[in-house]
Protein chains: 2
Amino acid sequence: MSGAIKDVVIVGAGFGGLSAARELAKAPVNVTIIDQQNHHLFQPLLYQVATASLTPAEIAVPIRHVLRSQRNAQVIMDRVVGVDANAQIVMTESGKKVPYDFLVIATGARHSYFGKDQWADHAPGLKTLNDALALREKILTAFEKAEIVVDSDPESARRFQTFVVVGAGPTGVEMAGAIAELAQSVMRDFRKIDKGDNRIVLLEGGPRVLPSFAEDLSIRAARDLETLGVEVRTGTMVTDIVAGQVTTSEDTIAAETVIWAAGVQASPAGNWLSLPVTKSGHVEVDATLRPQGLENVYIIGDTARHEADGTALPGIAPVAKQMGIYVGRRLAALVRGQTPSKGFRYADAGALATIGRNRAVADIYGMKVKGFAGWLLWGAAHVYFLIGFKNRLFVMLHWLWLYLTWQRGVRLIMHRDPEKQAEKPS
Amino acid sequence: MSGAIKDVVIVGAGFGGLSAARELAKAPVNVTIIDQQNHHLFQPLLYQVATASLTPAEIAVPIRHVLRSQRNAQVIMDRVVGVDANAQIVMTESGKKVPYDFLVIATGARHSYFGKDQWADHAPGLKTLNDALALREKILTAFEKAEIVVDSDPESARRFQTFVVVGAGPTGVEMAGAIAELAQSVMRDFRKIDKGDNRIVLLEGGPRVLPSFAEDLSIRAARDLETLGVEVRTGTMVTDIVAGQVTTSEDTIAAETVIWAAGVQASPAGNWLSLPVTKSGHVEVDATLRPQGLENVYIIGDTARHEADGTALPGIAPVAKQMGIYVGRRLAALVRGQTPSKGFRYADAGALATIGRNRAVADIYGMKVKGFAGWLLWGAAHVYFLIGFKNRLFVMLHWLWLYLTWQRGVRLIMHRDPEKQAEKPS
């Protein structure tokens, strides 16, 4: 060891932050992890909460529970409002000033509407449990409203039964497939609205779905989506979104539910540090994942822009995780006075996306897997990477239940909008 | 059969309304069930959602899913705003006018603050999933806030670690016991706050807890609560509640979290029908569960006041359920031109309340059961009455998990208050 115990502050307990914290478990440091949420979220399955397949508790676990046995780590549930890089202090909303020797920023990203922020109200995205529950409520309520009005106003009913997903990356593709399956499975419980009036549209500006996958997998995914009844429209730009309507480069679509899966905006970490950021808010980092000019600050995951072999790494969980592990190990070496390993290198294991029951596409270590085999691989990989034995067990049981019965277990509308709540006593 | 198909409209899909609907499955009627929620809720276990033991989906099931095979029933998710008893029409918020030949009102109750409605903001009650999630968030956030301030402001930390439950009926007793257990189990995950600073206070105006139970069971329940660390204070009236503080007839208690389990206010059904109501909003019904002067309207469950042997029946699930079955059978007989059975009689099977792990009191068919045996009986009865095999299975598995690991699985704070949400892209 070399000198006094160092303070490592990690902001954000996603895949990156949590991995960094865990790598430091045996290092002579005090780790403080700050997050505005109390839970680590397994974002890759968030769309299954939004489509009533899984419950929030199955894909989230309290951060302090994950770190309960790591005695050198403490957790603060608070929101970071700024960083004083000269004084080496992180400032929080509740007024805490947390000093650091090393700072790791792993604060992720939210949706970007490419400057059209007025679209946000009509086309919510999917980043937090709150987003997922709001979306679940919106989707389920749409069917209920269609059932109420279908006799008197069939046009409105069709608008309620139309779902538009903007963006055909993995999230958009998985969301569109899941909505198509949800729509089919709930239909048995309704008396009036017609299955044939359900419409799920997937809009993509580029030439193909899943642009980051190999081309034949894109073709297969599009075909699988169409088999599920999804209208896949590539090369279609969204030009406007208002309440109940999406305008594209080709037409307008009357749709009550529009879901945004198109762009991301990095967290404001760049602003905290007065660093130059890209158009989408990312901070450029070097091979050691540090921004230029700051010796003891690391930026990882979706907040960072890191080029490898000339292209920026994608904002996906494996990148964040590997970056977290790299920084954790690097800091452990530094505080021990050892020479840290060289620059970060991303080991790309491939990509996976599921399109629904029995259907997925996977590109794993250069091997392309489709259909049922891809789907099994997808399920196994996602269960494996879930944190906590209980979550793995319950997700598997829940999936098994869904598979055998076709019953979506979590079709709850909780009236989270306070104006729509049950009336209070007068 | 006698003449045209009759329309039966049931408002509310709690225990009463759903039981009535099911009894009419084979009767020559059209059943329309209207509820502002999309789910039937198993209210007796709601406190376990509020204390992070169960997920919402485990104790709630979509109404239309319950009735999916009952071809003569349709479900409308809408809020009733009035009834025209002369025209025999129910009016809803979305503007629907639903005609009826027979109307069954089973709309339940909410909390009553005995005229002190300003207490509602500081002492929420527990009737809906939304209530339960808000309470779960408040309880879990209190520990997080205590952890943040304990170094700089130990007095505030103690306020955050103090929980007051007002009212020691079954809900209040079960809530206090569950909070005491939750407080113990989460403590392992915190680094700074002290177990000894947790304080759970149960306030009851009357002379004993569980006033509707036999006296020796009350004594046992109070002892069990005290073993769990709950301060049980009977004969203590609440005189005021403001943010962070409860004033009683004896003292003031600094507490961030106050939970109201003291009084109920019946739904506004009496107003819809311009009927005289009791002080707490209940409508007096006769032996056939009809209010005076209305031939084809039935009022059941927590909205009704029905005297049996000189005392009013309690507002509990078994009463509502039996009333629903009675009305369903009566209507089935009437529409078939048969003579319906005589007046409603409540078959009192007894009462149960759990105080925590391994502890419950039960008074079943005059038999008193306490401790571990009572707890097993309580668990078996609650699982048995849950609707849906999946819910039974998952609740059992979840309880087994809790029992073996002591881990509360649902400790999620989702920032339902939009002001506290993660920041949006700017």
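Nothing in this text is a laboratory measurement; each read-out follows from the coordinates by a stated rule. The model shown is predicted, which means the values in this text are computed figures rather than measured ones. Glycine gets a Cβ as well: all are built from the backbone with ideal geometry, and neighbour counts include every protein chain shown.
Tabulated results
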{"item": "Nearby lysines by direct alpha-carbon distance to residue A:97 (threshold 18 angstrom, same-chain neighbours under 8 apart not counted)", "result": "A:6, B:145, B:192"}
{"item": "Which of A:203, A:164, A:186, positive extreme of dipole for the range A:117-256 (C-beta unit charges)", "result": "A:186"}
{"item": "Rounded Å value of the spacing that divides the Cα centres of the range A:190-254 and the range B:287-305", "result": "52"}
{"item": "Counting DSSP beta bridges with both ends in the protein assembly as shown, the antiparallel % (nearest 5)", "result": "50"}
{"item": "Residue order, fewest to most surrounding Cβ atoms within 10 angstrom, among A:247, A:303, A:141", "result": "A:247, A:141, A:303"}
{"item": "Dipole in debye (nearest 20) - the range A:117-256, about Cα centre, beta carbon charges: Lys, Arg +1; Asp, Glu -1", "result": "280"}
{"item": "DSSP-defined beta bridges in chain B - what % are antiparallel, rounded to 5", "result": "50"}
{"item": "Amide H contacts of residue B:54 (H built 1.01 Å from N, under 5 Å, at least 5 apart or other chain)", "result": "B:49"}
{"item": "HN-Hα J in Hz across the range B:335-341 - Karplus 6.51, -1.76, 1.60, θ = phi - 60°, x for Gly and Pro", "result": "5, 8, x, 8, 7, x, 5"}
{"item": "Nearest-first distances (nm) between copies at residue A:317, label 7 Å from Cα via Cβ", "result": "3.5"}
{"item": "Label distances, nm, residue B:339 versus same residue in remaining copies, Cβ-directed 7 Å point", "result": "10.3"}
{"item": "Shielding of B:51-63 by partner chains, average beta-carbon count, 10 Å", "result": "4"}
{"item": "Rounded, prolate or oblate (a/c below 1.5 giving rounded, otherwise prolate when a/b exceeds b/c) for the range A:117-256 by Cα gyration tensor", "result": "prolate"}
{"item": "For chain A: rounded, prolate or oblate by the Cα gyration tensor [a/c cutoff 1.5]", "result": "prolate"}
{"item": "Low-density loop positions, chymotrypsin sites (Phe, Trp or Tyr not before Pro), the range B:49-145 - DSSP coil, at most 15 other Cβ in 10 Å", "result": "B:114"}
{"item": "Local electrostatic count at residue A:157 - Lys and Arg +1, Asp and Glu -1, tallied over other residues with Cβ under 12 Å", "result": "-3"}
{"item": "7 Å along Cα→Cβ, label-point gaps from residue A:380 to other copies, nm, shortest first", "result": "4.2"}
{"item": "Chain A Cβ-axis minimum, rotational copy B, residue and distance in Å", "result": "A:55, 2"}
{"item": "Chymotrypsin sites (Phe, Trp or Tyr not before Pro) within the range A:351-389: DSSP coil, no more than 10 neighbouring Cβ in 10 Å", "result": "A:365"}
{"item": "Amide hydrogen neighbours beyond the local backbone of residue B:308, cut-off 5 Å, H modeled", "result": "B:313"}
{"item": "Three-way shape label, the protein assembly as shown, alpha-carbon gyration tensor, a/c 1.5", "result": "oblate"}
{"item": "Within chain A, helix-based [θ] at 222 nm, where runs of 4 or more DSSP H residues each add -39,500 (n - 2.57), nearest 500", "result": "-9500 deg cm²/dmol"}
{"item": "In the range B:254-330, GluC sites (Glu not before Pro) in a DSSP loop with at most 11 other beta-carbon atoms within 10 Å", "result": "B:295"}
